[in-house]
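Report on the following structure.
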Amino acid sequence: MTNPKICPFCGEDNLCEANIPNNNCWCNTIKVPMELRVLIPEDKRMKSCICKKCILSFKENSKLFIEKYNLTK
């Protein structure tokens with residue numbers, strides 16, 4: 001079972017609080033590149049949020065991010 005609080009890439013707490021009513025979670029204000037979304041393992045898609053650290057790391061250097069997590073698509 002996928003834990004919705006765990007980033008599908010790094011395995012750390014994603015600190016997402018979007019499911020809390022009237023909460024303005026950081027994940028509502030950051031653009032997640034589609035190129036990163038397609039790299040989420042299929043069994044975790046739409047089940048957990050990517051953490052801010054991974055989103056920013058991907059935006060900074062997508063090739064290095066893909067190599068670090070051994071992702072291929």
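Annotations
- Annotation: of all residues in the range 57-73 being in a loop (DSSP other than H, G, I, E, B) and among the polar types (S, T, N, Q), the one that is nearest to residue 13 (Cα to Cα) is 70.
- From the list 54, 27, 49, 10, the lone residue that is in contact (Cβ under 8 Å) with a residue 40 or more places away in the chain, assigned to a helix (DSSP H, G or I) and surrounded by 15 or more Cβ atoms within 10 Å (Cβ to Cβ) is 54.
- Scanning the range 30-46 for residues that are surrounded by 11 or more Cβ atoms within 10 Å (Cβ to Cβ), of a type in the set (D, E, K, R) and in a loop (DSSP other than H, G, I, E, B) returns a single hit, 45.
Bear in mind these aren't lab numbers, they're just calculated from the coordinates by the rules spelled out. Everything numeric in this text was worked out from a predicted model, so none of it was measured. Note that each Cβ is placed from the backbone with ideal geometry, even for glycine, and that neighbours are counted across all protein chains shown.
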